[in-house]
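The values are calculated or read from the model by the stated rules, or taken from the named source; none is laboratory data. This structure is a prediction, so every number in the text was calculated from the model and none was measured. Cβ coordinates were reconstructed from backbone atoms using ideal geometry, including for glycine residues, and neighbour counts include every protein chain displayed. Protein only, heavy atoms only, side chains kept; ligands, DNA and RNA dropped before computing areas. Shrake-Rupley method; radii C 1.70, N 1.55, O 1.52, S 1.80 Å.
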Amino acid sequence: SKRPDVAMVGYCDVALERARQCAATYGGNAYERFVDLYDQEQPDAIVICTPPFAHGDIEEEAARRGIHFFVEKPVAVNMATANRVAQVVAETGIITQVGYMFRTAEPIKKVRQLLSTRAVAMVQAHYYMPGLPPPTWWPKMELGGGQLVEQATHMLDLGRFLAGEVVSVSGRTARVRDWTPPAGYQPDGGMRKYADDFGIPDTTGLVMQYESGALGTLSCSLVPQKAWDVGFKVVADGLLVTIEGANARWTGDEEGEMNAGDDWPSYVLYEFFDAVKAGKKTDIPYAEGVRSLAISLAGYESVQRGGAPVSLAELIE
């Protein structure tokens, strides 16, 4: 709605009333089935904001109709779906973009430029959440993929963007808390402290081997505590980089810092709009989302193998 060169013509939701509310606010028509939106509106492009388990057919049917798409992360909850969609995207040649918004923030681009001529030694990230997000699918591994897939994927993708490809992952998970709701517990609509059928780890650690020889670590937890705490550091030859949100500072043989603009999360979507209008490729196509998803799933596969390293080449077709 902030772009005068973009017209919103249709909205789809399995809860049709939500689509109708969008149509009433922004104009256009509401649909319950995405294929009806595709066939009746024939849009140039779509924005896919579904929960992880709903990805797959939405993207594939759009690609087969030549409809370009922007898709939120993660691109899927399993590699079979991601690889299937990637094949169709490659065959049709449509323009795609994945919502890894950190990559399009100016401070992150500056850090990438600074690191491009240096040997990277360590990529260190953490992702600590103050509880469980409200959606009922979140604590179910087959629906949301757990914290590694649904949230910490941002940190894993940022590592790839700044330090290059990951070749193998070793992982460990734990569940250190009893998530059984006590008698009378009622969620208040915010982050939850309890959930029925809690089926995901609440604490995870990964060690990654990068193609360059660098190492990476990720620690994440959703055990309830006071606040969100997401952090990222890179140790490189002559430079220590600290990233908080999309703001960055660096110290060493160069000194500096940059803050992201207030609207920085929108840049990744605006780049998609501009690419569609110009008929050009984006910087974060679907294949990038597949590779970042593979890091998360390699971590879980490593857990199944007792912590043994898992090669990403095993997962990506």
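Taking the Cα centre of the chain as the origin and placing charges on Cβ (Lys, Arg +1; Asp, Glu -1), which of Ala7, Leu114, Leu215 is farthest toward the positive end of the dipole? With unit charges placed on the Cβ atoms, the residue in question is Leu215.
Tally Lys and Arg at +1 and Asp and Glu at -1 over the other residues with C-beta under 10 Å from the C-beta of Leu315: what net charge comes out?
Values: positive: Arg291; negative: Glu301, Glu314, Glu317.
In short, -2.
Accessible surface calculations at 1.4 Å, restricted to protein heavy atoms, place segment 184-317 at 51 Å² per residue. Grab the beta carbon distance between Lys280 and Arg175, set R0 = 35 Å, and tell me the FRET efficiency rounded to 0.05. It comes out at approximately 0.15.
Kindly flag which residue pairs out of Lys2/Lys110; Lys73/Lys110; Lys73/Lys233; Lys2/Lys109; Lys2/Lys277; Lys109/Lys281 have an alpha-carbon separation exceeding 20 Å in this structure.
Lys2/Lys110; Lys73/Lys110; Lys73/Lys233; Lys2/Lys109
In this calculation the C-beta distance from Gln21 to Glu254 is compared with R0 = 45 Å, giving a FRET efficiency of 0.35. Apolar share of the accessible surface for the chain: 49 percent from carbon plus sulfur atoms, 1.4 Å probe. Mind checking segment 219-296 for chymotrypsin sites (Phe, Trp or Tyr not before Pro) that DSSP puts in a loop (not H, G, I, E or B) and that have at most 15 other Cβ atoms within 10 Å? Filter output for segment 219-296: Trp228. Charge tally for Thr96 (other residues, Cβ to Cβ under 13 Å; Lys, Arg +1; Asp, Glu -1): -4.
The Cα atoms of segment 193-271 give a gyration tensor whose axes a ≥ b ≥ c have a/c of 1.5 or more with a/b no greater than b/c, which makes the shape oblate. If one computes the Cα centroid of segment 218-264 and of segment 1-73, what distance in Å separates the two points? For segment 218-264 versus segment 1-73, the Cα centre distance is 34 Å. Counting every C-alpha pair in the chain, the share spaced more than 30 angstrom apart comes to 38%.
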